[in-house]
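**Q** Would you mind keeping the following structure in view while I ask a few things?
The values are calculated or read from the model by the stated rules, or taken from the named source; none is laboratory data. Note that the coordinates shown come from a computational prediction; the quantities given were computed from them, not determined experimentally. Note: ideal-geometry Cβ built from the backbone for every residue, glycine included; neighbour counts use all protein chains shown.
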Amino acid sequence: MTQRPLVLIGILLIVLGTAALIWQRVSFTERETVVDVGSVNITAETKKSVPLPPILGGIALASGVGMLVIGAQKNKWLV
């Protein structure tokens, strides 16, 4: 039995944690209908951004490293 999912999730958390530390803000565009009268629709696009706290990236990075180490050690013990 391998611990491959544990290692893969660890790598994914490392990548996401590093990305969260590099880009500390996620921006997206939201469309909303301003006027909807009969067949006339007027929409507006608003840019919004969500701040990502650095602690979130640090926790994801540390968790990923921990899962990677545990998964690698379990694979080593089973061989």
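**Q** How many residues are without any contact (Cβ under 8 Å) to a residue 40 or more places away in the chain and assigned to a helix (DSSP H, G or I) if we restrict to segment 16-57?
**A** So the count comes out to 5.
**Q** For segment 44-79, name all the residues that are modelled with pLDDT under 90 and polar (S, T, N, Q).
**A** Within segment 44-79, 73, 75 qualify.
**Q** Would it be correct to say that residue 41 is modelled with pLDDT under 90, surrounded by 14 or more Cβ atoms within 10 Å (Cβ to Cβ) and among the polar types (S, T, N, Q)?
**A** no
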